[in-house]
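The values are calculated or read from the model by the stated rules, or taken from the named source; none is laboratory data. Since we're looking at a predicted model, the values are computed, not measured. All Cβ positions, glycine included, derive from the backbone under ideal geometry; neighbour counts span all protein chains shown. Ligands, DNA and RNA are excluded from the accessible area calculation, which covers all protein heavy atoms including side chains. Shrake-Rupley method; radii C 1.70, N 1.55, O 1.52, S 1.80 Å.
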Amino acid sequence: MFLYCGIACRRKFFWCYRPLSTYVTKTRYLFELKEDDDACKKAQQTGVFYLFHGLAPLLQTSAHQYLAPRHSLLELERLLGKFGQDAQRIEDSVLIGCSEQQEAWFALDLGLDSSFSISASLHKPEMETELKGSFIELRKALFQLNARDASMLSTAQALLRWHDAHQFCSRSGQPTKKNVAGSKRVCPSNNIIYYPQIQVNLRELETAAWFSHDEVATALKRKGSYTQQQNGTFPFWLPPKLAISHQLIKEWVEKQTCSSLPA
């Protein structure tokens, strides 16, 4: 009996700590890719790429929801070749995560690099046709993405934007160079290293949460001041009607309501 209880306890211990072990393994793998350019290039061979254009992610529509398509390295090289871009553009991609099976995830913006932006803009409609999707502003699509894709694409967009804004050293004025993973940029003239900020700035963001369609719809109908409820909490705040964010939220609620009505 004692032996049986011991085995049962060890099994419980194992299953409790297995998620933690997986997290540690993923973290170590991502750290390796961020620090080792050769390892990151190797990971690109078997990894997947999420595409952007002008910081807008490529999305496909499925049952009133947006999906973020994934592309292999070979598919991406074929696409770049078809639209007159060199495969070297893949070096502009950034690492944004990995799966539990250590499949690396990358993001590449086809419309940010100045030397290719004009060509990419001209071919944008053809790219969307070829890829069977559309490059849609993330803030407009956010509520129609699942939680994982919303978080991942937000991270990718922030990282791509950071690299686009930090191409030159603030001290020397010389061009900076990113590592393969995109986890840092270095100024060759003075070896200053610049790192993205990917932590929450608590001075800019007090709190964040997910809300259902019904909760948002109720908040839009609410009038008057935000008074304390019986349970001691306050209803969540919506931007004022003149704000663009308010109009985007209202548009999303109305669109969801119409799509749920019977034909």
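Observations
- Subset of segment 188-217 (residues that are among the polar types (S, T, N, Q) and modelled with pLDDT under 85): 197, 199, 201, 207, 212
- Residue under evaluation residue 220, criteria (1) under 30 Å from residue 88 (Cα atoms); (2) at pLDDT 85 or above; (3) surrounded by 10 or more Cβ atoms within 10 Å (Cβ to Cβ), criterion not met: (1)
- Residue that is farthest from residue 178 (Cα to Cα) [pool: residues in segment 3-31 that are open to solvent by 90 Å² or more (accessible area, probe 1.4 Å) and modelled with pLDDT of 90 or more]: 28
- Condition broken by residue 104, with the remaining ones in (1) touching a Cys at 6+ places or on another chain (Cβ under 6 Å); (2) modelled with pLDDT under 95 satisfied: (2)
- Leading residue by the ranking (most open to solvent (accessible area, probe 1.4 Å)) among those in segment 87-103 that are in contact with a Ser or Thr (Cβ under 9 Å, 6 or more places away or on another chain) and under 21 Å from residue 59 (Cα atoms): 103
- Considering residues of segment 118-129 that are closer than 14 Å to residue 51 by Cα and open to solvent by less than 60 Å² (accessible area, probe 1.4 Å) only, the residue modelled with the lowest pLDDT: 120
- Hits in segment 130-166 - residues which are hydroxyl-bearing (Ser, Thr, Tyr) and either assigned to a helix (DSSP H, G or I) or within 9 Å of the chain's Cα centre (by Cα) (or both): 151, 154, 155
Each row is one residue, and each column tells you yes or no for (1) assigned to a strand (DSSP E or B); (2) under 30 Å from residue 254 (Cβ atoms).
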| position | (1), (2) |
| --- | --- |
| 58 | yes, yes |
| 74 | no, no |
| 79 | no, no |
| 95 | yes, no |
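- Selection count, segment 54-68, where residues are open to solvent by 20 Å² or more (accessible area, probe 1.4 Å), within 19 Å of residue 154 (Cα to Cα) and not aromatic (Phe, Trp, Tyr): 6
Each row is one residue, and each column tells you yes or no for (1) small (Gly, Ala, Ser); (2) within 14 Å of the chain's Cα centre (by Cα).
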| residue | (1), (2) |
| --- | --- |
| 48 | no, yes |
| 53 | no, yes |
| 57 | no, yes |
| 62 | yes, no |
| 67 | no, yes |
| 72 | yes, no |
| 75 | no, no |
| 87 | yes, no |
| 91 | no, no |
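- Matching residues in segment 69-86 - criterion: being at pLDDT 90 or above and either surrounded by fewer than 16 Cβ atoms within 10 Å (Cβ to Cβ) or touching a strand residue (DSSP E or B) at 6+ places or on another chain (Cβ under 6 Å) (or both): 69, 70, 71, 72, 74, 75, 76, 78, 81, 82
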